[in-house]
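The values are calculated or read from the model by the stated rules, or taken from the named source; none is laboratory data. Please read these numbers as outputs of a predicted model, since none were measured by experiment. Don't worry about glycine lacking a Cβ; one is built from the backbone with ideal geometry, like all the others, and counts go over all protein chains shown. Side chains included, ligands, DNA and RNA excluded: accessible areas come from the protein's heavy atoms. Shrake-Rupley method; radii C 1.70, N 1.55, O 1.52, S 1.80 Å.
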Amino acid sequence: KHPLAGGAEISTHEHAKGWVKAGHTVTIFASSFPGGKPTESMDGIHIIRRGTHYTVHLWACWYFLKIAPKTIDLVVDEFHFIPFFTPFFVRGKKLAFIHETAEEVWFKNTSFPMNLFGYLLEPLFFVLYRHVLFMTVSESTKKDLIKFKIPEKNIHVIANGVKQINVSVKKTTYPTVMYLGRISNDKGILDGLYAFSNIRRSIKDAVFWVVGKEEHAGQMSILVKTVRDLHLEHSVNFMGFVTEAKKYELLHRSWVLLHPSIKEGWGLTVIEAASQGTPTVGYRVSGLIDSVVDGKTGLLSDQGDPDRLAENIVSLCRDREMYNRFSIHAQRWSKRFTWTKAVSQSTQLIENIV
């Protein structure tokens with residue numbers, strides 16, 4: 001329910017739901033947010049919310065040491081830029097759950113000197129976890145973990161699933177490009193706007209739907225100014241946060257998902273789009289090289305080249321035969337990824353650990 005929840009939070013919840021159905025008791029300890037209840041039960045999961053992005057780690061440590069050691073059999077330590085440092089205070093069984101390593105993303109989402117500290121200290125985080133088992137979502141992240149000296153035998157790759165939702169609408173009659181995700185620097189939304197500006201030079205009636213909430217105050221005003229500077233006021237629609245049903249409707253109606261992120265753990269929105277017959281155009285970066293089959297379910301190009309993003313989208317929109325082929329392959333590809341399969345694998349993993 002957190003306003004900034006994305007693919008990692010969806011994945012966490014789906015696995016936790018599955019563990020509850022398998023007969024386990026699951027508590028999620030998360031940061032609080034305005035309007036969020038301090039404690040809540042969702043899908044059989046007990047949720048505790050304390051602290052902020054920056055203090056939740058301390059609250060989690062306090063909670064565990066005060067309440068939990070005698071009642072908890074396994075602690076899942078989730079990495080999101082930084083871990084919960086459980087090797088310092090949990091003596092029992094542990095599993096590290098990570099979607100992506102941060103690395104260069106530190107310089108996109110945080111300011112100096114925090115970005116430099118984070119970038120330099122991140123390799124040290126993993127020293128603590130050399131003997132901890134990891135669950136991750138892609139071969140890309142597995143390679144990054146190996147680079148940080150985590151033994152390959154300790155890494156279990158379990159791809160995210162996707163909900164197969166049937167939507168009874170049609171594609172728009174005009175070419176529609178969609179961005180879906182947090183409004184943040186690492187997601188490359190500015191490159192997306194520059195790419196769309198080039199698309200409009202070739203396809204005059206193209207429109208761009210930007211779906212997602214800003215991560216930090218002020219980011220949306222920068223985008224609005226960029227839209228004005230590029231004279232795109234009448235062709236870019238900022239939709240903000242939308243419901244799950246609306247998200248799938250928009251994915252189904254759009255022609256292409258534009259995903260200009262500089263790095264992903266997997267790219268859940270890519271598979272969500274694929275399930276609706278919508279191919280993805282993005283950069284050839286970690287995560288997207290796993291979720292996009294380049295040349296079959298989407299098109300990838302070198303990072304930092306919005307002109308090439310535009311060229312790929314124009315080629316897809318203009319070649320109807322090629323587009324239909326990509327759309328069919330995308331739907332078939334998405335059917336490989338189910339939460340039933342993912343949860344079965346993760347349940348077996350946690351039961352083996354305990």
Exercise. Is it possible to state the helix-based mean residue ellipticity at 222 nm for the chain, with each DSSP H run of 4+ residues giving -39500 (n - 2.57), the sum divided by total residues, to the nearest 500 deg cm²/dmol? What is it?
Worked result: -12500 deg cm²/dmol
For this session: Rounded to the nearest 10 degrees, what's the angle between the helix 56-67 long axis and the longest principal axis of the chain, both from Cα atoms, 0 to 90?
Result: 30
For this session: Order the peptides 31-43, 270-282, 143-155, 307-319 from the highest to the lowest mean number of other Cβ atoms within 10 Å of their residues.
Result: 270-282, 307-319, 143-155, 31-43
Problem set entry | Long-range amide H partners of Phe241 with built H, under 5 Å | Gly212
For this session: Find the relative contact order for segment 235-354 and round it to a whole percent, using C-alpha pairs within less than 8 Å whose residues are 6+ positions apart.
Result: 22
Exercise. Counting Lys and Arg as +1 and Asp and Glu as -1, what is the net charge of the other residues whose Cβ lies under 15 Å from the Cβ of Lys335?
Worked result: +4
Exercise. If only Cα atoms are counted, what is the Rg of segment 1-101, and what is its Dmax, in Å?
Worked result: 13.0, 34
Problem set entry | Net charge dipole size for the chain [Lys, Arg +1 and Asp, Glu -1 on Cβ; Debye, nearest 20] | 680
Problem set entry | Square roots of five times the Cα gyration tensor eigenvalues for the chain, Å | 36, 22, 19
Seminar exercise, completed: The answer for segment 146-255, accessible area per residue at 1.4 Å probe in Å², is 50
Exercise. Given the pairs Lys17/Lys94; Lys153/Lys335; Lys147/Lys187; Lys1/Lys163; Lys108/Lys163; Lys247/Lys296, which span a C-alpha to C-alpha distance of over 25 angstrom in this model?
Worked result: Lys153/Lys335; Lys108/Lys163
Seminar exercise, completed: The Cα extents of segment 230-329 along the principal axes, largest first and rounded to whole Å, are 31, 31, 28
For this session: For segment 195-210, take each phi angle, set θ = phi - 60°, evaluate the Karplus expression 6.51 cos²θ - 1.76 cosθ + 1.60, and give the result in whole Hz per residue in order, putting x for glycine and proline.
Result: 5, 5, 4, 5, 4, 5, 5, 9, 10, 5, 9, 5, 10, 10, 9, 10
Exercise. Chymotrypsin sites (Phe, Trp or Tyr not before Pro) within segment 1-105: which are DSSP loop residues with at most 12 other Cβ atoms inside 10 Å?
Worked result: Tyr54
Exercise. Taking θ as phi - 60°, what are the ³J(HN,Hα) couplings along segment 282-288 by the Karplus curve (6.51, -1.76, 1.60), each to the nearest whole Hz, with x for Gly and Pro?
Worked result: x, 8, 7, 10, 3, x, 5
